1. For LEU51 and PHE6, what does the FRET efficiency come to when R0 = 41 Å and r is the distance between their Cβ atoms, rounded to the nearest 0.05?
2. Working out 0.36 nm times the residue gap between LEU43 and VAL62, then minus their Cα-Cα distance, what length gain in nm do you get to one decimal?
3. Of the listed values (i) 49, 23, 14; (ii) 41, 33, 24; (iii) 65, 31, 19, identify the label whose number matches Cα extents along the principal axes in Å calculated from this model.
4. Taking +1 at the Cβ of each Lys and Arg and -1 at the Cβ of each Asp and Glu, which of SER54, PRO67, PRO39 sits farthest along the dipole of the chain towards its positive end, judged by Cα position relative to the Cα centre?
5. How much of the DSSP bridge set in the chain is antiparallel, in percent, rounded to the nearest 5?
6. From a point 7 Å beyond the Cα of VAL30 in the direction of its Cβ, which residues of the stretch 61-76 have a backbone N at a distance under 14 Å?
Amino acid sequence: MSFTIFDPTDGPAVKAFAPAARLASLAGKVIGIIDNSKPKSDLFLREVQELLRSETGAAGFVVIRKPSASRPAPDEQLEDLARRVDAVVAGIGD
C-alpha cells in the first residue's frame, strides 16, 4: 500500500524589506486599512477606523479587502494602496 501526501501550505512568503519610518503624527494623514477577509474583520476595522478618526485627526481612509484570508494580498493591490496612503493598518477577524 502507498500513500500520496499533499502539502497544503503556500510556502514561505519571506521578502526582504526596509520598514518605513514611523510618522510623528497621523493628523491630516490618509490611512490604509487592509481587511484580511475573515468573518467580522470588516466590523472590527470599522471601529478601528472610527477610533483613528476621532483620536488622531486622520484626514481619510482607503480600505481594501484581500481576496483570501489564507494568502498574502496581491502585490498589485499593495502597491496601489502604498501610492494612495501615508500609513497602513492590517487587521484580522474571527
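What follows is calculated from the coordinates using simple rules that are stated; it is not laboratory data. Quantities reported herein were computed from a predicted structural model and do not represent experimental measurements. Please note: Cβ atoms are built from the backbone with ideal geometry, for glycine as well, and neighbour counts cover all protein chains shown.
1. Calculated transfer efficiency: 0.45.
2. 5.3 nm is the gain from fully extending LEU43 to VAL62.
3. (iii)
4. It is SER54, whose Cα lies furthest towards the positive end.
5. 0 percent
6. Those under the cut-off are 61-64.
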